[in-house]
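First up is the structure itself, then whatever we jot down about it.
The values are calculated or read from the model by the stated rules, or taken from the named source; none is laboratory data. All values reported here derive from a predicted model rather than from experimental measurement. Please note: Cβ atoms are built from the backbone with ideal geometry, for glycine as well, and neighbour counts cover all protein chains shown. Note: accessible area is taken over every heavy atom of the protein model, side chains too, but ligands, DNA and RNA are not part of it. Shrake-Rupley method; radii C 1.70, N 1.55, O 1.52, S 1.80 Å.
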Amino acid sequence: MSENTPNISVVVPLYNEEESLPELTAWIGRVMEAHRFTYEVIFVDDGSRDASWQRVCDLQKENPCIRGIRFRRNYGKSAALYCGFEAARGEVVVTMDADLQDSPDEIPELYRMITEEGYDLVSGWKKKRHDPLGKTLPSRFFNATARLASGIRLHDFNCGLKAYRLKVVKSVEVYGEMHRYIPILAKWAGFRKIGEKVVHHRARKYGVSKFGWERMIKGYLDLITVMFMSRFGKSPMYFFGGLGTLMFLVGGGTAIYLIAEKLYKQTHALPLRGVTDQPLFYIAMAAVVIGVQLFLAGFLGELIGRNSGDRNRYLIDERL
């Protein structure tokens, strides 16, 4: 690390949080000074309609450690994190929400777990939450599904308070609603030492939550996307081609069986039923057609992938 590299970069996505920003900035500053960390705070204003950006500008004039990024419109938390990660320079990158529900007092221990215990990523776990039941129950079900699908033993994938080694945030691409699945993306990129820390969850002091029920639907759709991309993103033929071949063989085998059965009964003068009079024949033909289409989809996916610019984008950890 160069002399100008701060120990910690704190990335804070925000949307209409003007009341909490001065208090949050002062709190982060007290923690950093108490532990003698060099730091930067990167506020990413996700198209706020209140005076949030003006607050960031005022705070930057008072504290040169403050940096800011402003979106022209609301793009979402994932986009804010992506741009914040792109701008971060610290040895350890900490993300936290701007609503004061995440405590900056957790930062020193998160930093220690990364630098001394060798974790690539440490996720917060809000074991005791100050949220209504309508929010906590779906969250538990969602986290259980994510654990089962990914094999990562985290209790709270969606906790905004996380710490990363700088290499991690420079290696993952966050889009859509993928901010919930950064641990899965990190594991996919080869960062397998993922830890967890119980963190203090505070009740919201200002404003209201910016997330509604629709985030659960988006979350599950993105989970399916992440799991598919992590397994078959570079080789779609393995999925579509394999499934298509299976359907083709089952459908074709069933059709051949029905035809052979008719010929056998016809040869031995047994009662028979026309092949085209049997619904199973049409199901078999549909399976054959769908199987061919799936196989072609996998084949086209391979052709597109082989001609894309990032086909062989490998993450190199070190060079000599």
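Once the Cα-Cα distance is subtracted from the 0.36 nm per residue extended length, the Arg36 to Ala51 segment shows a gain of 2.3 nm. With a 1.4 Å probe rolled over the protein heavy atoms of all chains, the accessible area of Tyr181, Tyr15 falls in the order Tyr15, Tyr181, largest first.
Amide H to amide H distances under 5 Å link Ile66 with Val41, where only residues 5 or more positions off or on other chains count and H is placed in the peptide plane. If you take all other residues with their beta carbon under 14 Å from the beta carbon of Gln54, and give Lys and Arg +1 and Asp and Glu -1, the sum is -3. Sorting Val198, Val10 by solvent-accessible area of protein heavy atoms yields Val198, Val10, largest first, with a 1.4 Å probe.
Rolling a 1.4 Å probe over the protein chains gives Thr38 an accessible area of about 70 Å².
Across all directions, the average projected area of the convex hull around the alpha carbons of the stretch 1-87 is 5.7 nm².
Amide H to amide H, with H built 1.01 Å from N, Val92 comes under 5 Å of Ile8, Ser9, counting only residues 5 or more places away or on other chains. Each of Thr267 and Thr5 was given a label point 7 Å from its Cα along the Cα-to-Cβ line. The distance between the two points is 7.7 nm. Cβ-Cβ distance of Gln278 and Asn74, R₀ of 51 Å, FRET efficiency by 1/(1 + (r/R0)^6): the value works out to about 0.35.
Here the simple spin-label model places points 7 Å from the Cα toward Cβ, and for Asn63 and Ala149 these points are separated by 3.7 nm.
The gain in end-to-end length when the Phe299 to Leu221 segment is fully stretched comes to 25.6 nm, 0.36 nm per residue minus the alpha carbon separation.
Each part reduced to its alpha carbon centroid, the stretch 142-201 and the stretch 54-85 end up 22 Å apart.
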